[in-house]
């Protein structure tokens with residue numbers, strides 16, 4: 001067990017088995033084509049890999065058994081999946097995971113109308129995509145950016161409006177940056193019935209892909225994370241059944257915060273996966289490359305850099321697992337939706353993302369020009385990891401949320 005990287009007290013036997021299966025999958029299916037993913041504009045390679053993950057049961061995992069799913073609810077288990085897939089490619093990981101993330105509100109609320117409509121097809125053999133459509137462009141009166149994620153604003157800055165007309169919601173607004181936007185089969189759209197109502201106005205409403213009035217702009221041209229598509233979405237008099245709202249007044253705001261907390265925990269796991277991949281690459285390189293008659297890693301300055309990388313990875317991994325374990329055990333650590341849990345999830349994300357950026361930077365320094373070229377894996381980890389430091393409120397709002405677990409922070 002000398003190579004064991006996770007505490008057995010936090011992981012079940014099944015988690016260890018899943019981790020090893022996914023590590024083998026990544027080595028076999030992703031690593032050989034990893035350098036081609038960023039040029040895969042039509043996502044032929046990406047979708048082939050995602051279909052293979054669907055064949056393994058990853059797509060249907062979160063859905064209840066009565067729909068053909070596996071009923072996987074453990075955040076520890078989900079986090080392990082994120083770490084291993086992100087070691088291969090975090091764009092592919094986020095494209096896969098956002099599908100499940102989109103359905104978390106409906107699953108948590110037990111929304112039978114939504115699950116009856118969508119769950120059977122997502123539990124089938126065909127590759128499907130879900131989208132959690134939250135972020136909005138900024139405006140002259142505020143809103144957009146991380147205002148939606150800021151708990152102190154209580155949903156008052158949401159600008160996508162949903163009005164109930166008879167038995168239908170009529171939605172108008174604009175969304176951007178959402179993963180799988182433009183290709184998803186269903187969208188969980190963060191709306192408000194009235195910004196003045198604050199949390200009582202927050203509404204999470206499910207919109208099928210072919211709904212009239214739902215259109216998309218061009219895919220964003222990003223520095224990294226090319227395995228994940230992000231088309232701006234426009235909603236103009238989009239009509240869906242009233243039963244497609246996840247829950248109801250007040251409850252939807254809690255479901256939104258729950259998604260933010262979960263998102264930060266699994267984001268931390270993604271960052272650790274990226275850092276681990278970069279570390280494994282540079283560890284091999286510095287063992288093979290000879291400088292001054294000995295391998296680079298046998299020089300003291302290089303050894304100290306590698307040690308700092310390992311320290312960061314191990315501490316980030318142990319903390320994201322700690323936060324995931326706390327979420328999974330509310331009987332001991334309190335309700336999942338709380339300032340305590342928001343703080344722990346934010347610590348996990350902030351630390352892990354900082355570690356990933358540090359590790360990929362240091363890996364490039366140790367590899368010199370070879371770290372900067374696309375023939376090696378490090379520059380891709382370097383580009384990909386920066387994005388996850390920026391999403392879900394970014395590094396600054398996340399730190400405000402850390403403080404909320406320790407004192408009354410109104411930032």
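The values are calculated or read from the model by the stated rules, or taken from the named source; none is laboratory data. Not measured: the values here are computed from a predicted model. Using ideal geometry, Cβ is built from the backbone for each residue, glycine included, and neighbour counts are taken over all protein chains shown.
Quick notes on this structure:
- Spans of helices (runs of 4 or more DSSP H) in the stretch 73-187 with at least 1 residues within 26 Å of residue 394 (Cβ to Cβ) and in contact with a helix residue (DSSP H, G or I) (Cβ under 9 Å, 6 or more places away or on another chain): 75-88, 90-109
- Residue match in the stretch 280-295 (condition: out of contact with any strand residue (DSSP E or B) (no Cβ under 6 Å at 6 or more places or on another chain), in contact (Cβ under 8 Å) with a residue 12 or more places away in the chain and over 30 Å from residue 353 (Cα atoms)): no
- Yes/no for residue 199 being touching a helix residue (DSSP H, G or I) at 6+ places or on another chain (Cβ under 7 Å), assigned to a helix (DSSP H, G or I) and under 30 Å from residue 400 (Cβ atoms): yes
- Residue within the stretch 38-50 that is surrounded by 18 or more Cβ atoms within 10 Å (Cβ to Cβ), at negative phi and modelled with pLDDT under 95 present: yes
- Here residue 358 meets the list (1) in a helix (DSSP H, G or I); (2) not assigned by TED's automatic domain parsing to the domain that holds residue 285 almost entirely, failing just condition (2).
- Condition check for residue 250: closer than 25 Å to residue 31 by Cα, touching a helix residue (DSSP H, G or I) at 6+ places or on another chain (Cβ under 9 Å) and surrounded by fewer than 21 Cβ atoms within 10 Å (Cβ to Cβ): no
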